[in-house]
Amino acid sequence: MGYLSRNNRRPPEYAGKGGHISIINEEAVNQFIQRCILPSVNEPVDMKPSNLIDIEPLDNNPIEIIIAIDGGYGETVVKKEFPSSTLTFFNFGALMFKVADLENLKVQPFIDPGDIAKLKRIQRFHFVLPTRNISLEGDTLTNSVRKAFFDFFTKSHDGERPLMDALRWLIFQQYDAGQPAPAWRLASCPSCEAKNITITAAMGEQFPCEHCGETIYFTDIFRFHEVVSDEVGAGGIIGYTIALLEQMLIVHLIKTILEIRPELLKRILFIKDGPLAFFGQTANLHQPMRRLIKFLSRQDKNAGNIYIVGIEKSGAFVDHANEIRDKLRPGQALIIDNEYIYKYIIPGKADPNKPYGSSTYYGNKVIFRTREDKLYVLTLPTPEMTGNPALNDFPGFFIILDNVARLKCDMYDDALIPVALVNKLVSLSQHPSITLLEQYAKGKIG
Ligand SMILES: [Zn+2]
């Protein structure tokens, strides 16, 4: 249970959750714990030599732009009297940085406001979700949630194309003109609960259910109607929603770049807070996302490559990384496979047929100790699902890791400059600028 001693690395809201001392005296708890096996690294950790990779700084860094995606949310009570009503505000966006600007920043201990101005913002989105005892136009909470997603995805924000375009582009593989658009299978109709409803590209953004005739929105593929309760609320989907929105923004940006200037894509590194995965009801979206990664990683394509990295700041993998920190040399990365995960990190037994993350991730994890002794738990995209990843399964492995190492941030423990800055910038005045990326593409390369 070593991770409890690392409270000082955690956000304050998690730090003070004590109370375990008294519980541990309960006889029933004691008996239960004696039957439990807790993951431990007290024994020597067996690292596959082929999964230990030395990361050398690149002589020529192909990455010119970093795009950091971030998001946050807050719930607000709009009616205090019982039963109270709540809305949740989501705020997410992308920040664009030129690598050259970031490298100049790095030598300063503090970031100058003037330098912040150099860091280019792309856009911020605001999304409001009814989460408890609130009705949109007199409908049930479940339908209000569905409608909120549909409205948000079909509206243009600050002159950008609606996220619906990106979503359909992803699901129906419109990026690959050579392939017929696949159909999507919706698990259940939100109104009559009929199972396995086939959705094709031709059916549009909304269409009547073939069983009950009620409207199905394309955004119902997020399946939130399955877990929102009109009585209990929509609190259960909030965490999944932010990860969904952030990744839809990545898809939107990839699509935009491919339309404006495809060759720009291989000069960009996308950084996402958290793992490259979709959770809960939205988990199925990892499949089309992996297909997109696979398509973009094909060497015969003009786009050539896609560089995305997810960075975890807390959780079992981060705890484990800290425990084995000294077992990695500075400048060394460890690819972690299924067997390793279930031996040292996650309790349970490895199942080769169902590797860790096989129903949620579109990448695999790497622990990276940089030459400057920063430690990161990363997800790098892998075009094929595998529980036994090797170096060759990660397109752009060295490019991504070298750039992660370059972006070290001295102000924050194991934080990257863009990710740390994102939080600062969120509070600055909003510049609803459109397509700075487009301007960059046109000005720099046009
Ligand atoms: Zn129906």
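The figure for L52 is an accessible area of roughly 50 square angstrom, using a 1.4 Å probe on the protein chains alone.
Summarising the label geometry, the points placed 7 Å from Cα in the beta-carbon direction at V232 and E56 lie 5.5 nm from one another.
How would the stretch 166-271 be classified by its alpha-carbon gyration tensor: rounded, prolate or oblate, with rounded meaning a/c under 1.5 and the a/b versus b/c comparison settling the rest?
oblate
Ligands, DNA and RNA excluded, the heavy atoms of W184 present near 30 Å² of accessible surface to a 1.4 Å solvent probe. Taking each residue as 0.36 nm, the span from E75 to R329 lengthens on full extension beyond its C-alpha to C-alpha distance by 87.2 nm.
In loop segments of the stretch 153-258 as defined by DSSP, the GluC sites (Glu not before Pro) with at most 13 further C-beta atoms inside 10 Å of their C-beta are E193, E210, E214, E231. Of the listed residues Y73, Y175, the order by accessible area with a 1.4 Å probe, largest first, is Y73, Y175.
Placing unit charges on the Cβ atoms only, positive for Lys and Arg and negative for Asp and Glu, gives the stretch 134-232 a dipole magnitude near 300 debye about its Cα centre. Dimensions of the stretch 237-366 along the principal axes, based on C-alpha atoms and rounded to the nearest Å, stand at 45, 38, 27, largest first. How much accessible surface area, in Å² rounded to 10, belongs to the heavy atoms of R132 with a 1.4 Å probe? Per-residue accessible area (R132): approximately 80 Å².
Each Cα pair under 8 Å and six or more residues apart adds its separation to the average, and for the stretch 134-232 the resulting relative contact order is 26 percent. Charged neighbours of S156, selected by a Cβ distance under 14 Å, balance to -3 (K, R count +1; D, E count -1).
The values are calculated or read from the model by the stated rules, or taken from the named source; none is laboratory data. Remember, it's a predicted structure, so these values are computed and weren't measured experimentally. Cβ atoms come from the backbone with ideal geometry, glycine included; neighbour counts cover every protein chain shown. With ligands, DNA and RNA removed, areas are computed over all heavy atoms of the protein, side chains included. Shrake-Rupley method; radii C 1.70, N 1.55, O 1.52, S 1.80 Å.
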